[in-house]
Every structure is written in structure tokens, then in C-alpha cells.
1. For Met117, only one of the following conditions fails: (1) at pLDDT 95 or above; (2) assigned to a helix (DSSP H, G or I); (3) under 16 Å from Leu24 (Cβ atoms). What is its number?
2. For region 44-51, indicate whether the set of residues that are modelled with pLDDT of 95 or more, within 18 Å of Ala103 (Cβ to Cβ) and not hydrophobic (A, V, I, L, M, F, W, C) is non-empty.
3. I'd like the full set of residues that are among the hydroxyl-bearing types (Ser, Thr, Tyr) and either crowded, with 18+ Cβ neighbours inside 10 Å or touching a strand residue (DSSP E or B) at 6+ places or on another chain (Cβ under 7 Å) (or both), limited to region 97-142.
4. State which residue is nearest to Thr44 (Cα to Cα) when the search covers only region 120-132 and only residues that are outside any loop (DSSP other than H, G, I, E, B) and under 11 Å from the mean Cα position of the chain (by Cα).
5. If a residue must be loosely packed, with under 14 Cβ neighbours inside 10 Å and either touching a residue at least 60 places away in the same chain (Cβ under 8 Å) or not in a loop (DSSP other than H, G, I, E, B) (or both), how many such residues does region 33-49 contain?
Amino acid sequence: MSTYFPKGEVARKWFVVDAEGQTLGRLASRVARILSGKDNPKYTPFIDTGDHVVVINAEKIKITGLKADSKKYYHYSGYPGGMKEEEFLKRLERRPELILEEAIKGMLPKSKLGKAMGGKLKVYKGAQHPHLAQQPESLTNA
């Protein structure tokens, strides 16, 4: 059995996803599939065949249940006593794009390939983004 290789350059599309009213996990898994190229007919597991994704309105993301009160984000500086903790609502106020980035990148492979896939993700707080020249398609079913 021979291994499939996509012929020539992989034509990458640009998609725009509006996060307003979307559930965090469902949106993150859908975007991660697009970034990894699993929706592409030329998908190959060891080649980055994914598309670029621009996520807008990150501050209007929602989470279900009581997670808004109990979810915490941790960061360790590497020093003794360097464990930092931040609640979901405070991070949503401070940097909502970071919430989506961490959720999406956490669903990608932890390798060089995963870093390349994560580099094609752009997340913005508001409805404006600087990628209009790429003519991104709107992705409504995300």
C-alpha cells in the first residue's frame, strides 16, 4: 500500500468565524479541524494541509453551565511560588482572545506540525480584523 502525498502546493483558503453566541468548546473543536486540514479532501496526517481561520467577536463567546463561576486558568512561571491563577470572567474582561487561542491550540498536535497549524489562527476581540485583503469566506456552521 502506498502513502498518499498531495500533488503540488496546498491551496489554503481563509475563513472568518463569528464567535458571538457560540459555545467555547464546540467552536474550538470546529476551528481546530479546519486548521489541521481534516475537512480538506487532500488531508494527510503528516503534512499541514489546513486553512487559515480568523475568529472575530471573541469577547462574546459563551460557556455553558456554572463554568463561568468556577473555571480557572493556571500559569506557572517556573519559580517556587510562581503558580498564577485567573478566573474565567476576569480573563474574559482582560484578554478574551487568549481564552479562544488556548482552547483551540490545546486541540492541535503538540509538535512542530501543531505549531504550524496554530500559526494560521488569528483571534480578535471585536468585529474588525485586518485580513480583508485575503478575502476570507464566512463560516456560518462553526
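1. (3)
2. Here is the first cut: in region 44-51, the residues modelled with pLDDT of 95 or more are 51.
Of the ones still in play, those that are also within 18 Å of Ala103 (Cβ to Cβ) are none.
Among the residues of region 44-51, not one is modelled with pLDDT of 95 or more, within 18 Å of Ala103 (Cβ to Cβ) and not hydrophobic (A, V, I, L, M, F, W, C), which makes the answer no.
3. Kept after step one, since they are among the hydroxyl-bearing types (Ser, Thr, Tyr), are these residues of region 97-142: 111, 124, 138, 140.
Correct list: Tyr124, Ser138.
4. Taking region 120-132 as the starting set, the residues that turn out to be outside any loop (DSSP other than H, G, I, E, B) are 121-123, 132.
Next, from what is left, pick out any that are under 11 Å from the mean Cα position of the chain (by Cα): 121-123.
Values: Leu121: 19, Lys122: 23, Val123: 26 Å.
So, considering only residues that are outside any loop (DSSP other than H, G, I, E, B) and under 11 Å from the mean Cα position of the chain (by Cα), the one nearest to Thr44 (Cα to Cα) is Leu121.
5. Of the residues in region 33-49, 1 are loosely packed, with under 14 Cβ neighbours inside 10 Å and either touching a residue at least 60 places away in the same chain (Cβ under 8 Å) or not in a loop (DSSP other than H, G, I, E, B) (or both).
The values are calculated or read from the model by the stated rules, or taken from the named source; none is laboratory data. Small disclaimer: the values here were computed from a predicted structure and weren't measured. Glycine gets a Cβ as well: all are built from the backbone with ideal geometry, and neighbour counts include every protein chain shown.
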